[in-house]
Structure formats: C-alpha cells, structure tokens
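All remarks here apply to the structure that follows.
The values are calculated or read from the model by the stated rules, or taken from the named source; none is laboratory data. A quick note: this is a predicted structure, and the numbers were derived from the prediction, not measured. Ideal geometry is used to build each Cβ from the backbone, glycine not excepted, and the neighbour counts take in all protein chains shown. With ligands, DNA and RNA removed, areas are computed over all heavy atoms of the protein, side chains included. Shrake-Rupley method; radii C 1.70, N 1.55, O 1.52, S 1.80 Å.
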Amino acid sequence: MQAAPVLTPMQRSHGRATASFATRLGQTRLADLAQQGSAKAMLPRVAGAVPEVVFLNTSGGLTDGDSLFYGLTLGEACHVSATTQTAERVYASRGGAAQAAVQMQVGAGGRLDWLPQETILFEDSHLARSTQIDLAEDASCLLCESVVLGRHAMGETLQRAQLTDARMVRRSGRPVWAETLRLDADVLADRSAALLGPARAFAVIALVAQGAEDAVGPLRAALGHPGVTAAASGWNGKCVARILARDGWPLKQQIAQALAVLRHGPLPRVWQM
C-alpha cells in the first residue's frame with residue numbers, strides 16, 4: 001500500500017485589523033485603530049459626514065491555514081460604512097480551510113453599512129467564514145456579501161470547492177437574523193433550481209433596522225437587472241434580498257442598484273463600477 005504523501009509545511013498569513021469610533025462634537029470620529037500581520041484598515045477621505053473604513057488583506061488571497069479577522073466597534077450614534085479594498089480570492093487548499101472572521105458592534109442609535117467586495121472561490125478552495133454583528137436595541141445595519149464561483153472570463157467552471165459561510169445579527173444579545181450557507185462539490189454539480197441552477201455568482205443583502213420591511217416594495221422595483229434572478233422579502237424589522245447571476249459583473253451591477261435603495265450616498269469609492 002502506497003504511503004500518503006507528506007505535505008511540506010508552508011508559510012501561512014495571519015492578519016487582524018480592528019477600529020473603533022465615537023461621537024465627538026456631534027460627528028463620528030476614529031477612537032482606536034489596531035493592525036497586525038496581513039490585515040490593514042484604511043480610512044480614506046470621503047465627502048460627507050459618514051466615515052469609510054477599507055479593510056485590506058495584503059497577502060493577496062487566502063488558502064488553507066491562513067486566518068483573517070476584521071473588527072469594528074461603533075459607539076453611540078455613530079454611522080460608519082465599511083468595505084474591502086478589492087475582491088477576496090480564495091486559492092486551492094491542500095485539505096484544510098482558510099479561516100475568516102468579521103465581528104462588529106454598533107452602539108445605541110448607530111448604523112453600520114458592511115459592504116465587502118465579492119469573494120472569488122478558485123478550484124479546490126476551502127473557506128470557513130463567520131460574520132457576527134451585535135446591535136444595540138435601536139441600532140441598525142446593512143449587510144451585503146457576494147460570492148463568485150471561479151473566473152468566468154477565463155472559461156473556468158468550478159467543480160471542487162468548499163465554503164461554510166455563517167452570518168449572525170443580534171439585537172441586545174438576542175439573535176434576530178441568522179443563516180449558514182454550505183457549499184461543496186455536490187452542490188456545484190447539482191444544477192437544479194432548488195440550489196444554484198446555472199448561476200455562478202450569488203449575493204445576499206440584509207437590512208436590519210426598525211421599519212426595514214417598508215423597503216421591500218422599492219427594493220423589489222430595483223431588482224430587474226438583465227441576466228439576474230432576484231427576490232426580496234421583509235418581516236419584523238428585516239428586509240432581505242437574494243440575487244443569482246451567471247457572472248460576477250451583472251451581479252455587482254444589480255447589487256449597486258439595490259444598495260441605492262437601501263442607503264444614502266454613493267457606493268464606497270473603492271468599488272469599481
């Protein structure tokens with residue numbers, strides 16, 4: 001019996017970036033910033049009163065054994081928009097998972113817009129990601145996360161990849177919205193409408209706020225971009241849209257149109273639209 005190959009230990013990247021904000025003289029101001037390893041947090045100058053945080057993974061992507069953490073803490077009445085500098089690429093794994101975590105807290109009367117750019121899964125990639133947002137009783141958040149399966153422009157069709165994507169939003173410690181997506185080779189092979197069908201890019205957008213369900217009508221009116229299948233629903237202070245597309249570009253265009261309904265002001269400057 002042939003022995004299993006011995007894998008040579010490889011250098012791996014680990015990054016952690018956190019920032020906190022507080023209200024000073026009626027404006028949202030940076031209170032603290034910490035960066036470690038491959039994770040960075042930048043604060044570009046933007047027009048208007050809402051600061052923008054741009055997280056960056058300087059390693060250029062993730063593979064097995066890598067770990068990445070982004071954190072934000074917003075004090076009372078703070079409004080912050082956060083995104084990532086570019087798409088996050090997840091490369092082939094030798095078996096283990098790359099670990100990514102997002103943990104954010106929003107104080108009383110605050111608002112967080114968490115709008116990372118897309119995650120691109122490569123063949124044989126393996127990613128385990130957790131996103132947790134804790135809201136004060138009257139705080140709100142807008143979350144948008146998207147995934148692209150392979151490089152469509154290069155004719156790549158993903159056959160083997162693993163993704164576990166867990167999201168949790170709590171209000172005053174109580175879960176108000178939670179979901180976990182698990183994707184593997186069996187899901188990629190199943191083209192039925194119950195799963196992804198022919199889609200190779202997908203996204204979820206969730207607004208959690210008092211009266212969020214009132215946005216369902218305007219949001220549905222914005223979900224008609226060509227090449228995209230999308231639907232929206234609202235209940236109990238939540239408005240959630242799900243979007244499927246054959247490629248990442250129409251998906252991003254549809255996301256931009258949907259976000260224009262759910263937030264004030266332009267998209268983050270680093271988004272290439």
- Note on the structure: Here segment 11-21 yields Karplus 3J(HN,Hα) values (6.51, -1.76, 1.60; θ = phi - 60°; whole Hz; Gly and Pro given as x) of 5, 10, 9, 9, x, 8, 9, 9, 9, 10, 10
- Task: Quick one: which residues, 5 or more positions from Leu68 or on another chain, have an amide H under 5 Å from its amide H? H modelled 1.01 Å from N in the peptide plane, none for Pro or chain starts.
- Result: Gly15, Gln99, Ala100, Ala101
- Message: Please compute the modelled spin-label separation between Thr164 and Gln272, points set 7 Å along Cα→Cβ, answer in nm with one decimal.
- Response: 3.3 nm
- C-alpha long axis of helix 248-262 to longest principal axis of the chain, angle in °: 20 degrees
- Query: Largest first, how would Glu137, Glu118, Glu145 line up by accessible area (1.4 Å probe)?
  - Reply: Glu137, Glu118, Glu145
- When all protein chains stay in place, what accessible area (Å², nearest 10, 1.4 Å probe) is found for Val261? 60 Å²
- Query: Of the accessible area of the chain, with the probe set at 1.4 angstrom, what percent is carbon plus sulfur?
  - Reply: 53 percent
- Heavy atoms only, probe 1.4 angstrom, no DNA, RNA or ligands counted: give me Asp186, Asp64, Asp32 ranked by accessible area, highest first. Asp186, Asp32, Asp64
- Note on the structure: Counting all Cα-Cα pairs in segment 159-273, those more than 16 Å apart amount in percent to 65 percent
- Message: Can you compute 3J(HN,Hα) from phi for each residue in segment 33-43, using the Karplus curve 6.51 cos²θ - 1.76 cosθ + 1.60 with θ = phi - 60°, rounded to whole Hz and x for Gly and Pro?
- Response: 8, 9, 9, 8, x, 7, 9, 10, 10, 10, 10
- Provide the solvent-accessible area of His126, counting protein heavy atoms only and rolling a 1.4 Å probe, rounded to the nearest 10 Å². 40 Å²
- Subtract the Cα-Cα distance of Ala49 and Gln11 from 0.36 nm times their separation in residues, and report this length gain in nm to one decimal. 9.5 nm
- Share of Cα-Cα pairs in segment 37-120 lying beyond 17 Å, as whole percent: 51 percent
- Over segment 234-273: Kirkwood hydrodynamic radius from C-alpha pairwise inverse distances, Å: 11.6 Å
- Task: Starting from the residue with the highest accessible area, list Met104, Met168, Met154, Met42 in decreasing order, probe 1.4 Å.
- Result: Met154, Met42, Met168, Met104
